[in-house]
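The values are calculated or read from the model by the stated rules, or taken from the named source; none is laboratory data. Since we're looking at a predicted model, the values are computed, not measured. Note that each Cβ is placed from the backbone with ideal geometry, even for glycine, and that neighbours are counted across all protein chains shown.
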Amino acid sequence: MPVDIPVVGARSALWLAAQIHLYFAAFVLGAPIFIVVCEYLGIRTGDARYERLAKETMKVVAIAYSLTALTGVLFSFILMGPYQRITNYLFRTFYPVWGLYGLLIVVETVLMYVYWYSWEPLSRRKTLHMAIGVLLNIVGTVVMLLVNAIGAFMLTPPANPDRASLWALVNNASWWPLNLHRFIANITFGGLMVTLFASFMFLTAKREEERAFYDWMGFIGNFIGVATLMLLPLAGYIYAKEIFLYDATIATFM
C-alpha cells in the first residue's frame, strides 16, 4: 500500500516542504552574490555602510543555511516515503550527479562558515576574504546547476532516456533556461529579503543613526531586487519557449 500523509495528503505535503526549502535555498544562494559585491563596493568606495550591509546580511545567511538543510531533509523524507519508485529511479539514473551534489554541499557549507567566521580575522586581508566569498558563490552556483538538471529532466527528458548518456540526461531541453531563470530569481529573492530584514530592523531601531542605516540598506536591497526582477520576464519567456519547442502539450498546462 502506498504511504500517505494524514490530513494534507502526500502531494500537498511534498509541495509545501519543497516550496519552503526552495525559499531558503534561493536566499542562501542569491544573497552571497549580493554580499560579495557589497563587500567589494565597501573597499572600492571607502563607504563603511557597504561593509556593514554585507556583514549583517551574511549573519542572516548563516542562520538561514541551517534551516535550508533542515527543510531539505524534510523534503527528502517525504519524497522517499510516498514516492519511493520515482525517488529510486532518479537516484539510480543520476547517481554520479547526486554524489557530486553531496560532496559540493559539504564544500559549500565549509566555505560559507569560513567566510562568515573569518570576517574579523581577515579584516586586513580583504582580497583573501573576498576570494573565499567568490569561491562560495561558484560552488553554490554549481550545486544549483546539478539539482536543476534533475528537476529539468523530470519536465523535459531526452528521447529514450534509458539509452541516453549521463550528459544527455543532464543537458536536456529545459536545463539552461531553468538555470538562467533561477540564477536571476535567486538574486531577486536575496535582494528583497535584505529589504525585509532592513525594514524590520528599521522599525525596531532606537537610535536615529541606526534608522538611517537600515533605511539605506532597505533601499539598496530593494534596488537590487527590483532591478533583477525586471529581467525575470525575459528569462521566463526563454524558459517557456523551450518547453513549447519540446512539447506544446506540456506548455498548455502552464
Since Phe213 meets every condition but one in (1) crowded, with 19+ Cβ neighbours inside 10 Å; (2) in contact with a Ser or Thr (Cβ under 6 Å, 6 or more places away or on another chain), which condition does it not meet? (2)
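Answer with yes or no whether Thr57 is in contact (Cβ under 8 Å) with a residue 40 or more places away in the chain and farther than 18 Å from Val143 by Cβ.
On the way: in contact (Cβ under 8 Å) with a residue 40 or more places away in the chain: yes; farther than 18 Å from Val143 by Cβ: yes.
Spelling it out, Thr57 is indeed in contact (Cβ under 8 Å) with a residue 40 or more places away in the chain and farther than 18 Å from Val143 by Cβ.
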Considering only segment 6-26, I want to know if a residue exists there that is over 15 Å from the mean Cα position of the chain (by Cα), aliphatic (A, V, I, L, M) and either on the phi > 0 side of the Ramachandran plot or modelled with pLDDT of 95 or more (or both). yes
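Is it the case, given these coordinates, that Val73 is more than 16 Å from Ile132 (Cβ to Cβ), not charged (D, E, K, R) and not in a helix (DSSP H, G or I)? Spell out the reasoning first.
Values: more than 16 Å from Ile132 (Cβ to Cβ): yes; not charged (D, E, K, R): yes; not in a helix (DSSP H, G or I): no.
Judged against the criteria, Val73 is not a match.
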Provide a single number: the residues in segment 225-242 that are surrounded by fewer than 15 Cβ atoms within 10 Å (Cβ to Cβ) and among the charged types (D, E, K, R). 1
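Could you check segment 120-156 and list, in sequence order, the residues that are in a loop (DSSP other than H, G, I, E, B) and crowded, with 18+ Cβ neighbours inside 10 Å?
Pass one, segment 120-156, residues in a loop (DSSP other than H, G, I, E, B): 120-125, 156.
Hit for segment 120-156 is Thr156, nothing else.
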Look at Val110 and say whether it is in a helix (DSSP H, G or I), at pLDDT 95 or above and surrounded by fewer than 17 Cβ atoms within 10 Å (Cβ to Cβ). yes
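Within segment 157-172, track down each residue that is touching a residue at least 40 places away in the same chain (Cβ under 8 Å) and surrounded by 18 or more Cβ atoms within 10 Å (Cβ to Cβ).
Applying the first criterion (touching a residue at least 40 places away in the same chain (Cβ under 8 Å)) to segment 157-172 yields 161, 166, 169-170.
Within segment 157-172, Leu169, Val170 meet the criteria.
Taking the options Pro82, Pro96, name whichever one is over 17 Å from Ile187 (Cα atoms), part of a loop (DSSP other than H, G, I, E, B) and out of contact with any strand residue (DSSP E or B) (no Cβ under 6 Å at 6 or more places or on another chain). Before you say what the answer is, go through the steps one by one.
On the way: Pro96 fails: part of a loop (DSSP other than H, G, I, E, B).
Just one listed residue meets the conditions, Pro82.
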